[in-house]
Amino acid sequence: MSAAIPDGRPVAADGPIKVWMIQAFLIFNSILMLYPIVIVVLSGFKSTAEIYSTPFSLPASFEPKNLVTIWEQTRFPRYLLNSLIVTVSSVTTILVVGTLAAYALARYRFRGNELIYLFFLSGLMVPLKLAIIPLFIQLTSLGLIDTQLGLILVYTAMGLPSAIFILTGFLRTLPFELEESARIDGASEGRIMWSIMLPLARPAMVIAGIHNAVPIWNDFFFPLVMVQTDRLKTLPQGLTIFMGEYNTEWGVLFAGLTLAALPITIVYMALSRQFISGLTHGAVK
Amino acid sequence: MTHTINRRTALTALGAAGAALATGIRPAAAQSTELSFWTWRQEDRTQYAELFGMFTRDNPGIRFAFQGFEPQNYGTALSTALAAGRGPDVIHIRAYGGLEQFSKAGYLEPLSPQTVPELANYTPSALASVTDRSDRKPYAVPFASQTLGIFYNRDVLSRNGVQPPETWDQLIAACKALKDKGVIPLANGMATAFMAEIFTAALTLPLHGKAFNDDLVAGKATFEDPRYVGALAKLLELREYMPPGFTGIDYPTMQQLFLSGRAAMFVGGSFEIANFRRQNANLPMEFMAPPAPTAGAPRLVPVFYDGGYAVNAKSDKKEAALKLIRFFSTPAFGNKFTELLGNISPIAGVRIADPMLARVAELNKTSGDHITLVHFRYQSPTGSELLTAGVQKLMGGSATPAQVAKEVTDGIATYHAPFRRG
Amino acid sequence: MLQNDLGRKLWIAALLAPALVIVLLFVIVPIASAFLYAFYSWRGLARADFIGLENFRLVLFGEPFGTWTFNALRNNLIVFTSLMVVQNGTAFLIAFVLLKSLPGHRFHQVAIFLPVILSSVIVGAMWKLFLNPFFGLVNQGLIAVGLQSWAQPWLGQPQTALGSIIFVNAWHWVGFPALLFLAGMQRISKDVIDAARLDGAGDMALMRHVIWPLVAPATTVVVILTFIGSMNWFEMPFVMAGIDGTPAGATDVLGLYFYRTAFGSATGGLQDFGRASALAVLMFLVIAIVSVFWTRALRRRELPE
């Protein structure tokens, strides 16, 4: 076995012992990552009492009773759909708007560049939770309280600074030669951005997308404060009805939130190809 | 475990409100008023549907929109909405300082015997829990009294030949006997902050006595009083009878240890009764007053009021809201509330059919204030947050009773003149 | 570079405008309004009189608030340093070995990222089960291998509580910096690596002299995001130790302290928007000064094109 650089062409061979050590490290790490997740999934089949009496054994039965509870007591499909609407809209807007801004900041020198960069960065420095009251008042005056559009705008605004930060960092590292030669060939700025630079930024866009999608998908704070109409609730918010004052139904929450993680998991698995394959296609020169 | 609520029945029971919104059809009836009600008690949704049902039978023009919140973030959602001039018509609200911060801001409608004649149905101490001390007006009607004490598992105790302890020495002896038999004597841990305060309040009141409470409130004593320090020191004797690693035992774990019979006793409050029953209906549990310091001394139980129902000052349906508040103060409501929710309604003349609640009501006759909540939770740093951190250190072994008492006193002294030294 | 004509200016403005408007309207303006709260006294939850810097004085020097503030700040700094080592160090290492594309690397790449997807509520609750002093797997495991004395109430004692939560946070998020590093390493041209390998560079040399300097942009992103994340740390300690920083403030951080001050804890503290906003302003100042300074320093370290 030999170590290969990305396109699979062996360069310098790692000795077999070293390869085994690396494999052992990776396998150990993956077990550490996956075992607790297995426990989470198993806990989804248990009652709260069972979780606390036998947390690490197999559930007494694999009947999906917690899922039945969720199905009966919440409008699960509706909440799921709402979460999808809110997350997909927010992340799409973040990526589109954020990439444009990051591109401007990373690829052009102009007066105020640094200042605008810091302006976006400052939006990252304080959690928006802090400003929930002024934000709420502002959304009320815009008629956006208790609407999905209000949530989407808040999430977009919240996600843009980090997306711009990440994307600017990556776009900056792309060599200027490509751009210059395209310009000499007479390509328009828009065309250079769209057909030459952005395809190279795909891994960074995936990262910025995931960095925002996961917290938005899992958030129940903003919906809790901003959305009261049952029809508009998101999935994590809807599942908070199982968190009581003195008792939380952990089995139900484990089942519900694990299920809620499935869509994102699938999306990530699909996108993870962007990375290793991105090596061969994305690597410059 | 949990009762399964049929989603559809719950919705219909809540009135056309939810359904109408869900389908986007607004009811045409012009005379119909919709009252919104916000609460952190989302687990009581079906019971409230029934309670509201009693009201709507006599007031057919009023419908309800029940909005339950995740309890930890209820204050955030509520104060944010009120700050923007929104929020529900009727508000489920915490008592004491928790109420005052809303009433001082003008968010709540003051109540008076003219608008709510049923205020006469409450005792002065119950009304005090929902009264703003600056203008002496009540801003809510209280919904439940809570009593602190000790739960015990009848079967576990008798199986191990242990009698329910009546004095502190008997408590220690009982704990020792249980531990020798391999049973965890006390389920309590320290990893959930508010339970650290409950634990302390429940056990120390009979030890330091009511006279100390009176002196403390009158400004004649501080928490550094030897009676209080002595009571705190007694708590240390319990460390070896709490679960192994009790500093890291959180509230859910405590509950499960007691509910599964692995722990014999649980220091807590009457608010657990409904909670424990929902989780394990067959648990042979009993509730008793904390032990007396010596035989014959009174076994005082700390009592407090949980909160109340208030009217949003900005509500445009105040008339209907006040009507509901008046209904919430009637014995008929109190009876149903006690029956359905397993908590003691503080309304005069309430019938308590449930034997365990009846015993709690009996214990309330020998009670004192839950001192940090009832008197020292009006300004920051609150007595509660200071005591919680102090007791966590005390039980964890990193502070002495005297140090804890000093920290609590010094913290409160920053705004409470009688606690300031010379 | 392009000529500085009107078209170019309009093009750049068009690229920036949407983001600027959204961030200004829904982040900067609300936050600035919240900052103003810091200069007022509060009658319960309603704003009362302008009181200048009094809230700042209370938060910094008033007792016990000052002690709480500096305790929380100290914990934030511990969180940052520990996450840099534990979370980002591991992430770098994993990214480097994933880059070798050994058999099964796709599997490992997915595995390391799965926790990131889970909600903090679940991750926190699950690790609380693992760390439970009574039936937790960690203690049971230690006892099983004869290390009884190592078994302890991880989340219950001041010496271990914060460290345990930091570990869980690292477990939860390690996939993210790993991905960032991986993406950064992928940008490195094969020729550069080939050349280094042909020069006989081993892994260590390759890492130190080629990869490390070339992933500098990714490192900048990771360091700054970790710093800001650590200073605003909230979710994991909230889920695992509660809003009060149990035990006795050992896990208290500025995010929790701010939230508790602003919105109270249902069972102990009251709400005070004045002090809370003063805290927020201070948090912002610390984060802003450090990040701006750092971004510039780190960007200088990045290679010129």
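The values are calculated or read from the model by the stated rules, or taken from the named source; none is laboratory data. Predicted, not measured: the structure shown is a model, and the values here were computed from it. Don't worry about glycine lacking a Cβ; one is built from the backbone with ideal geometry, like all the others, and counts go over all protein chains shown.
So for region B:316-326 (the condition being part of a loop (DSSP other than H, G, I, E, B) and more than 21 Å from the chain's Cα centre (by Cα)), does at least one residue qualify?
Scanning region B:316-326, I find at least one residue that is part of a loop (DSSP other than H, G, I, E, B) and more than 21 Å from the chain's Cα centre (by Cα), so the answer is yes.
Okay, residues lined up against (1) in contact with a Ser or Thr (Cβ under 7 Å, 6 or more places away or on another chain); (2) within 14 Å of chain B (Cβ to nearest Cβ):
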{"site": "C:Thr251", "(1), (2)": "no, yes"}
{"site": "C:Phe258", "(1), (2)": "no, yes"}
{"site": "C:Ala262", "(1), (2)": "no, yes"}
{"site": "C:Ser265", "(1), (2)": "no, yes"}
{"site": "C:Gly268", "(1), (2)": "yes, yes"}
{"site": "C:Gly274", "(1), (2)": "yes, yes"}
{"site": "C:Ile287", "(1), (2)": "no, no"}
{"site": "C:Ala297", "(1), (2)": "no, no"}
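Listed here are the residues, each with its yes/no results for (1) over 30 Å from A:Glu179 (Cα atoms); (2) within 14 Å of chain B (Cβ to nearest Cβ).
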position	(1), (2)
C:Asp5	no, no
C:Lys9	no, no
C:Leu20	no, no
C:Leu25	yes, no
C:Val29	yes, no
C:Ala32	yes, no
C:Ser41	yes, yes
C:Gly44	yes, yes
C:Ala48	yes, yes
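Looking at the structure I just gave you, is A:Thr265 surrounded by 20 or more Cβ atoms within 10 Å (Cβ to Cβ) and among the β-branched types (Val, Ile, Thr)?
Against the criterion (surrounded by 20 or more Cβ atoms within 10 Å (Cβ to Cβ) and among the β-branched types (Val, Ile, Thr)), A:Thr265 does not qualify.
Tell me, please, whether a residue that is of a type in the set (Ser, Thr, Tyr), at the interface with chain A (Cβ under 9 Å from one of its Cβ atoms) and free of Cβ contacts under 8 Å to residues at least 24 places away in the same chain can be found in region C:201-223.
no
Scan C:Ile94, C:Ile78, C:Ile12 and give me the residue that is over 15 Å from C:Arg275 (Cβ atoms), assigned to a helix (DSSP H, G or I) and not assigned by TED's automatic domain parsing to the domain that holds C:Asn232.
C:Ile12
Which count do you get for residues in region A:61-106 that are hydroxyl-bearing (Ser, Thr, Tyr) and under 16 Å from A:Phe170 (Cα atoms)?
Of the residues in region A:61-106, 2 are hydroxyl-bearing (Ser, Thr, Tyr) and under 16 Å from A:Phe170 (Cα atoms).
Look through region C:38-58, keep the residues that are among the charged types (D, E, K, R) and in a helix (DSSP H, G or I), and return whichever of them is surrounded by the fewest Cβ atoms within 10 Å (Cβ to Cβ).
C:Arg57
Given the conditions (1) within 13 Å of chain B (Cβ to nearest Cβ); (2) within 30 Å of A:Ala101 (Cα to Cα), which single one is not true for C:Asn55?
Every condition holds for C:Asn55 apart from (2).
Got at least one residue in region A:137-151 being aliphatic (A, V, I, L, M), part of a loop (DSSP other than H, G, I, E, B) and touching a residue at least 24 places away in the same chain (Cβ under 8 Å)?
So far as region A:137-151 goes, yes, one or more of its residues are aliphatic (A, V, I, L, M), part of a loop (DSSP other than H, G, I, E, B) and touching a residue at least 24 places away in the same chain (Cβ under 8 Å).
Residues that are more than 9 Å from chain B (Cβ to nearest Cβ) and in contact with an Asp or Glu (Cβ under 6 Å, 6 or more places away or on another chain): does region C:224-240 have at least one?
No, there is no match, as no residue in region C:224-240 is more than 9 Å from chain B (Cβ to nearest Cβ) and in contact with an Asp or Glu (Cβ under 6 Å, 6 or more places away or on another chain).
Looking only at region A:237-260, how many residues end up being crowded, with 24+ Cβ neighbours inside 10 Å and more than 9 Å from chain B (Cβ to nearest Cβ)?
7
Of C:Phe61, C:Phe92, C:Phe80, which residue is within 14 Å of chain B (Cβ to nearest Cβ) and either within 30 Å of the chain's Cα centre (by Cα) or surrounded by 14 or more Cβ atoms within 10 Å (Cβ to Cβ) (or both)?
Of C:Phe61, C:Phe92, C:Phe80, the one residue that is within 14 Å of chain B (Cβ to nearest Cβ) and either within 30 Å of the chain's Cα centre (by Cα) or surrounded by 14 or more Cβ atoms within 10 Å (Cβ to Cβ) (or both) is C:Phe61.
Does A:Leu178 satisfy the condition of being more than 9 Å from every other protein chain (Cβ to nearest Cβ), in contact with a helix residue (DSSP H, G or I) (Cβ under 9 Å, 6 or more places away or on another chain), modelled with pLDDT of 95 or more and surrounded by fewer than 18 Cβ atoms within 10 Å (Cβ to Cβ)?
Spelling it out, it is not the case that A:Leu178 is more than 9 Å from every other protein chain (Cβ to nearest Cβ), in contact with a helix residue (DSSP H, G or I) (Cβ under 9 Å, 6 or more places away or on another chain), modelled with pLDDT of 95 or more and surrounded by fewer than 18 Cβ atoms within 10 Å (Cβ to Cβ).
Counting only residues that are in contact with a Phe, Trp or Tyr (Cβ under 8 Å, 6 or more places away or on another chain) and more than 16 Å from B:Thr80 (Cα to Cα), which one in region A:128-159 is nearest to the other protein chains (Cβ to nearest Cβ)?
A:Ala157
Could you look through region B:365-382, keep only residues that are within 13 Å of chain C (Cβ to nearest Cβ) and in contact (Cβ under 8 Å) with a residue 60 or more places away in the chain, and pick out the one that is farthest from the chain's Cα centre (by Cα)?
Per the stated criteria, the residue is B:Gln379.
Could you grab me the full set of residues in region A:257-285 that are modelled with pLDDT under 65 and of a type in the set (Ser, Thr, Tyr)?
Answer for region A:257-285, where residues must be modelled with pLDDT under 65 and of a type in the set (Ser, Thr, Tyr): A:Ser277, A:Thr280.
Can you find a residue that is in a helix (DSSP H, G or I) and away from chain B (no Cβ under 12 Å) anywhere in region C:153-161?
no
List every residue pair whose Cβ atoms lie under 7 Å apart, where the two residues are 6 or more positions apart in sequence or sit on different chains, the first residue falls within region B:109-134 and is at pLDDT 95 or above, and the second residue, located anywhere, is of a type in the set (Phe, Trp, Tyr) and crowded, with 19+ Cβ neighbours inside 10 Å.
These pairs meet every condition: B:Pro110/B:Tyr139; B:Leu111/B:Tyr139; B:Ala126/B:Tyr305; B:Ser129/B:Tyr96; B:Ser129/B:Tyr305; B:Val130/B:Tyr139; B:Asp132/B:Tyr139.
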